[in-house]
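Worksheet: one structure, shown below.
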Amino acid sequence: MIKKYYKVIFEPQEEGGYTVTVPSLPGCISEGNTYDEALANIKEAIALYLESLQADGLPIPDENHLIVEVEAPYVQTTST
């Protein structure tokens, strides 16, 4: 079995829980009520996504995203 590693993005939701996306696998998305649940769900979603690609004879994508945190300075204004 070959292992691949993909970057995932966890987005907290206002109603609670997380939505998780995989930028290198378009349309691969999942969610969960907790971080651990969301992580387990996206792992399953990735496995099913890759399985579907293989069944259709399509190539398995490589991870090709560089995700970095950048500083974004701004001036805070006060309301009067």
- When residues of segment 1-27 are limited to those that are under 14 Å from residue 45 (Cα atoms) and of a type in the set (Ser, Thr, Tyr), the one most open to solvent (accessible area, probe 1.4 Å): 5
- segment 37-50 residues that are touching a residue at least 40 places away in the same chain (Cβ under 8 Å), paired with ones that are open to solvent by less than 60 Å² (accessible area, probe 1.4 Å) (beta carbon under 7 Å, 6 or more apart): 46/6; 46/22; 46/25; 46/28; 50/60
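Does segment 32-50 include one or more residues that are in contact with a helix residue (DSSP H, G or I) (Cβ under 6 Å, 6 or more places away or on another chain) and either at negative phi or open to solvent by less than 50 Å² (accessible area, probe 1.4 Å) (or both)? Before you say what the answer is, go through the steps one by one.
Step one: list which residues in segment 32-50 are in contact with a helix residue (DSSP H, G or I) (Cβ under 6 Å, 6 or more places away or on another chain), which gives 32.
Right, trim to either at negative phi or open to solvent by less than 50 Å² (accessible area, probe 1.4 Å) (or both) and you get 32.
Yes, there is a match, as at least one residue in segment 32-50 is in contact with a helix residue (DSSP H, G or I) (Cβ under 6 Å, 6 or more places away or on another chain) and either at negative phi or open to solvent by less than 50 Å² (accessible area, probe 1.4 Å) (or both).
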- Query: Within segment 59-80, how many residues turn out to be within 21 Å of the chain's Cα centre (by Cα) and either closer than 24 Å to residue 10 by Cα or open to solvent by less than 100 Å² (accessible area, probe 1.4 Å) (or both)?
  - Reply: 11
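The values are calculated or read from the model by the stated rules, or taken from the named source; none is laboratory data. All of these numbers come straight from a predicted model, not from anything done at the bench. Glycine gets a Cβ as well: all are built from the backbone with ideal geometry, and neighbour counts include every protein chain shown. Just the protein is used for accessible areas: all its heavy atoms, side chains included, with ligands, DNA and RNA removed. Shrake-Rupley method; radii C 1.70, N 1.55, O 1.52, S 1.80 Å.
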